[in-house]
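Colleague: Input: one structure, supplied below.
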Amino acid sequence: MHPNPAFRAMPEDENLRFAAARGFGMLCINGAEGPLAAHVPFVMAGARRVVEVHLARSNGIARAGLPAPALLAVQGPDAYVSPDWYGMPDQVPTWNYVAVHLRGVLSPMEPEGLEPQVDALSAEFEGRIAGKRPWTKHKMGAGVMERMMRGILPFRLEVTEVQATWKLNQNKPPEARAGVIAALEAQGGLAAEIAALMREVG
């Protein structure tokens, strides 16, 4: 996390909301031979203090000695910021971004927790697609879903600490931020998403 307190003032409930809305991150633990990481979709429960994920049985994290301390890094949009956009002298290039880190203990779930977790995950993300009837496992042939689920295992991260960086030029004067917002909006894509967050955070 960035050490500047200007970038770390977002309330915890907003950080948890952001992580839940993103729903995808990098899960990390210390393995016997070094760090292990897996890129995973997830759902949050228990007032967003519990993260549920599943991993392939062959994944290094799934085969590590659990429970274990873990970090789920949730990355938001990001964009390069040119010093020319500030309209101020003696500036340097930087990068604006949002990142939320959820720390806690990763543990295996009981096997019977897998199916409800997979159902909740697909329901969450299918529900975000406009103009489409949500996919459900009932569209699959008899026994196919059951066979596929034998290759994955459910896990739960009990969140004990939330850290976040919202690096959106909060340390710059309003007129400098306005110049950056305008330049990022003109680029579109992720840059425009950062511009929208800059307007929102103020």
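Colleague: For the structure I just gave you, tell me whether A64 is in contact with a Gly (Cβ under 9 Å, 6 or more places away or on another chain) and not in a strand (DSSP E or B).
Modeller: yes
Colleague: I've got another one for you. Considering (1) touching a residue at least 60 places away in the same chain (Cβ under 8 Å); (2) of a type in the set (V, I, T); (3) touching an Asp or Glu at 6+ places or on another chain (Cβ under 9 Å), say which one I29 fails and leave the rest.
Modeller: Every listed condition holds for I29 apart from (3).
The rows are residues; the columns are (1) over 17 Å from the mean Cα position of the chain (by Cα); (2) in a helix (DSSP H, G or I).
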site: A79; (1), (2): no, no
site: D90; (1), (2): yes, no
site: N96; (1), (2): no, no
site: A99; (1), (2): no, no
site: G104; (1), (2): no, no
site: D119; (1), (2): yes, yes
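Colleague: So, A73, is that one in a loop (DSSP other than H, G, I, E, B), surrounded by 14 or more Cβ atoms within 10 Å (Cβ to Cβ) and touching a Gly at 6+ places or on another chain (Cβ under 7 Å) or not?
Modeller: no
Colleague: Can you tell me which residues in region 85-108 are farther than 28 Å from L184 by Cα and in contact with a helix residue (DSSP H, G or I) (Cβ under 7 Å, 6 or more places away or on another chain)?
Modeller: So in region 85-108, the residues farther than 28 Å from L184 by Cα come out as 102-108.
Of everything in region 85-108, just one residue is farther than 28 Å from L184 by Cα and in contact with a helix residue (DSSP H, G or I) (Cβ under 7 Å, 6 or more places away or on another chain), namely L102.
Colleague: Take the residues in region 168-181 that are of a type in the set (A, V, I, L, M, F, W, C) and in contact (Cβ under 8 Å) with a residue 24 or more places away in the chain; name whichever of them is surrounded by the fewest Cβ atoms within 10 Å (Cβ to Cβ). Before you say what the answer is, go through the steps one by one.
Modeller: Pass one, region 168-181, residues of a type in the set (A, V, I, L, M, F, W, C): 168, 176, 178, 180-181.
Right, trim to in contact (Cβ under 8 Å) with a residue 24 or more places away in the chain and you get 168, 176, 180.
Working: L168: 25, A176: 16, V180: 26.
Only one residue fits best here, namely A176.
Colleague: Listed residues A79, A38; which is surrounded by 14 or more Cβ atoms within 10 Å (Cβ to Cβ) and free of Cβ contacts under 8 Å to residues at least 24 places away in the same chain?
Modeller: Result of the check over A79, A38: A38.
Colleague: Within region 87-100, can you find the residues that are in contact with an Asp or Glu (Cβ under 8 Å, 6 or more places away or on another chain) and buried (at least 16 other Cβ atoms within 10 Å of the Cβ)?
Modeller: Scanning region 87-100 gives N96, Y97, V98.
Colleague: To continue, here is another question. Kindly indicate whether A62 is loosely packed, with under 13 Cβ neighbours inside 10 Å and among the aliphatic types (A, V, I, L, M).
Modeller: no
Colleague: Residues to consider are A142, A120, A164; find the one that is surrounded by fewer than 16 Cβ atoms within 10 Å (Cβ to Cβ) and touching a residue at least 60 places away in the same chain (Cβ under 8 Å). Full working, then the answer.
Modeller: Details: A142 fails: touching a residue at least 60 places away in the same chain (Cβ under 8 Å); A164 fails: surrounded by fewer than 16 Cβ atoms within 10 Å (Cβ to Cβ).
The conditions single out A120.
No value in this document is a laboratory result; all are computed from the given coordinates. Model, not experiment: these values are computed from the prediction. Quick reminder, even Gly has a Cβ in these numbers, built from the backbone with ideal geometry, and neighbours come from all protein chains shown.
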